[in-house]
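A short worksheet on the structure shown next.
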Amino acid sequence: MSNLEKRISRHFSSEKKLRWHIDYISVKMQPSAAFAISSDSKLECMLSDLLENLFKGFDEIGASDCKCKTHLFYSSSDPSNQLENLLKERGFEFQKIFIKSKNQKII
């Protein structure tokens, strides 16, 4: 909600102190994009419910501080179009942020 660009940069960095589930995952992969949603409300749990209908979830990952089953989902193909359509259908204001290069600069 606050410092969104800084938070996304941290999540996509491979050099960081490991604290959250996403940290352990993001140091083992090469993220290519993120969807930054503008909101004054916490949306994680509501989005988790919506994503559960589209993708396979991994129980208890990223959701230890709420009652959701998970905040981590899997798709065998690029889920970008499905995610964009879902966000547009629900009227969310969002920006797709791409990772420029190996050193993880956001564009």
Check your understanding: Quick one: if you stick a label point 7 Å off each Cα along the C-beta vector at Tyr24 and Leu50, how many nm between them?
Key -> 2.8 nm
Study note, to complete from the structure: For the stretch 68-85, Karplus-derived ³J(HN,Hα) couplings (6.51, -1.76, 1.60; θ = phi - 60°; whole Hz; x for glycine and proline) come out as 5, 5, 6, 10, 10, 10, 10, 9, 6, 10, 4, x, 3, 5, 4, 5, 4, 4
Check your understanding: Where in the chain lies the longest segment free of GluC sites (Glu not before Pro) that are both loop residues by DSSP (not H, G, I, E, B) and have at most 14 other Cβ atoms within 10 Å?
Key -> 16-59
Point to revise | Spin-label model distance (nm) - Gln82 vs Lys17, 7 Å beyond Cα toward Cβ | key: 3.6 nm
Practice item. For Phe94, enumerate residues with amide H under 5 Å from its amide H, sequence gap 5+ or separate chain, H modeled in the peptide plane. Key: Ser38
Point to revise | Calculated FRET value between Phe58 and Gln95, using beta carbons and R₀ = 35 Å, to 0.05 | key: 0.85
Review point. Not counting the cut sites, what is the longest span of the chain without trypsin sites (Lys or Arg not before Pro) that DSSP labels loop and that have at most 16 other Cβ atoms within 10 Å?
Key: 43-66
Revision key, fill the gap. P(r) of the chain over all Cα-Cα pairs, 10 Å bins starting at 0, rounded to whole percent, reads 13, 44, 40, 3
Practice item. Using the structure shown, select from Lys56/Lys96; Lys6/Lys42; Lys69/Lys96; Lys28/Lys69 the pairs with a Cα to Cα distance greater than 19 angstrom. Key: Lys56/Lys96; Lys69/Lys96; Lys28/Lys69
Practice item. Calculate one ³J(HN,Hα) per residue across the stretch 29-40 by plugging θ = phi - 60° into the Karplus curve 6.51 cos²θ - 1.76 cosθ + 1.60, and present them in order as whole Hz with x for glycine and proline. Key: 9, 10, x, 10, 7, 9, 10, 9, 9, 7, 6, 8
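Just so you know, all these numbers are worked out from the coordinates, no wet-lab data involved. Since the model is a prediction, treat every value here as computed from it, not as a measurement. Note that each Cβ is placed from the backbone with ideal geometry, even for glycine, and that neighbours are counted across all protein chains shown.
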